[in-house]
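Following: one structure in structure tokens, then a few remarks.
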Amino acid sequence: MLNVFIYVGLLVLFLNFVLFIRCFSLQDKVFKIFTGYLGLVLVIQIISNVFARVNINNLYLSHFYFVGQFIILSFFYKVLLKETYQKKIVTVGLYAGLAVIGIQYVLDPSLFFKFNLFEIFITSFLIVSYATLHLYNILNEKKEYYYINMGILLYLFGSTILFIVGNLTNILRLEYTKIPWVLNSGLYIVYQLFILLEWKKSFSKK
């Protein structure tokens with residue numbers, strides 16, 4: 001089941017990237033940044049799956065995924081958010097988050113070859129914070145990038161909890177160790193469907 005979810009998620013991600021890249025030149029800066037995010041994630045996902053199929057360790061790719069996602073979505077929200085103080089919050093959060101993660105790797109370089117829960121938590125927490133600010137802004141305004149924002153909130157909040165809880169699977173019976181990964185893959189499909197819905201609602205007619 002896990003493999004099925006992974007490939008379905010990858011397929012919908014590929015579809016989203018194709019749809020977004022088709023009208024890339026016609027859209028604004030926010031749209032272009034998010035399209036770049038889809039492209040980065042797609043490349044990392046494909047490389048990760050190829051490595052897994054030929055039994056090459058791909059765990060270190062998770063750092064490029066989470067940090068890359070953090071950087072690009074930070075720029076996405078910095079442009080999307082309207083208030084100056086909110087933009088400053090994103091800027092401070094971006095530099096502070098990268099600094100903390102960088103210090104962690106300097107102090108313990110071996111973390112590069114491990115699954116870093118702190119990295120996942122700090123990057124996801126900051127992105128969820130930015131998404132919450134945007135949700136607040138659009139409560140009584142135009143619902144700009146509403147479905148993408150809701151997808152980010154749902155996926156990152158849920159997946160962070162699953163990864164943290166999943167760390168306990170080391171002490172669980174073997175048959176339970178894949179449960180967090182299956183649930184996370186399911187959440188990821190929902191996230192990609194939110195992105196697809198955004199394209200249909202906001203950009204397909206353009």
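A few remarks follow.
- For region 1-75: rounded, prolate or oblate by the Cα gyration tensor [a/c cutoff 1.5]: oblate
- The mean sequence separation of alpha-carbon pairs under 8 Å and at least six residues apart, normalised by the residue count of region 1-95, gives a relative contact order of 25 percent.
- Hz values of 3J(HN,Hα) by residue in region 74-83 - Karplus curve (6.51, -1.76, 1.60), Gly and Pro given as x: 5, 5, 4, 6, 4, 6, 6, 5, 8, 6
- Ratio of Rg to Rh for region 1-138: 1.00 [Cα atoms; Kirkwood radius as inverse mean 1/r over pairs].
- Among Leu42, Leu26, Leu196, the largest mean-square fluctuation in a Gaussian network model of the chain (Cα springs under 10 Å) belongs to Leu26.
- Carbon plus sulfur fraction of accessible area for the chain, probe 1.4 Å, in percent: 71
- Since only Leu81, Asn140, Gln104 are under comparison, the one whose Cα sits farthest along the positive direction of the charge dipole of the chain, derived from C-beta charges on Lys, Arg, Asp and Glu, is Asn140.
- GNM result for the chain, Cα springs below 10 Å: residue of Leu156, Leu73, Leu59 fluctuating most strongly: Leu59
- Greater than 26 Å apart at Cα, pairs in Lys32/Lys87; Lys88/Lys200; Lys142/Lys200: Lys88/Lys200
- Charge dipole magnitude, Cβ of K and R +1, D and E -1 - the chain, Cα centre, debye nearest 20: 580
- The angle separating the long axis of helix 29-53 from the principal Cα axis of greatest extent in the chain is about 20 degrees.
- Taking the chain and dividing mean pair separation by its residue count, relative contact order in percent (alpha carbons under 8 Å, at least six apart): 26
- Under the simplified labelling scheme, the Val54-Leu11 pair shows an inter-label distance of 2.5 nm, with each label point 7 Å from Cα along Cα→Cβ.
- Note on the chain: with a GNM built from Cα contacts shorter than 10 Å, the maximum mean-square fluctuation among Tyr130, Tyr105, Tyr155 falls on Tyr105.
- Folded to 0 to 90 degrees: helix 146-166 orientation relative to the chain principal axis, Cα: 20
- Magnitude of the charge dipole, region 1-90, Cβ model with Lys/Arg +1 and Asp/Glu -1, debye to 20: 240
The values are calculated or read from the model by the stated rules, or taken from the named source; none is laboratory data. The shown structure was predicted, so the numbers you read here are calculated from the model rather than taken from an experiment. Because the Cβ atoms are built from the backbone with ideal geometry, glycine has one as well, and the counts that use them run over all protein chains shown. Protein only, heavy atoms only, side chains kept; ligands, DNA and RNA dropped before computing areas. Shrake-Rupley method; radii C 1.70, N 1.55, O 1.52, S 1.80 Å.
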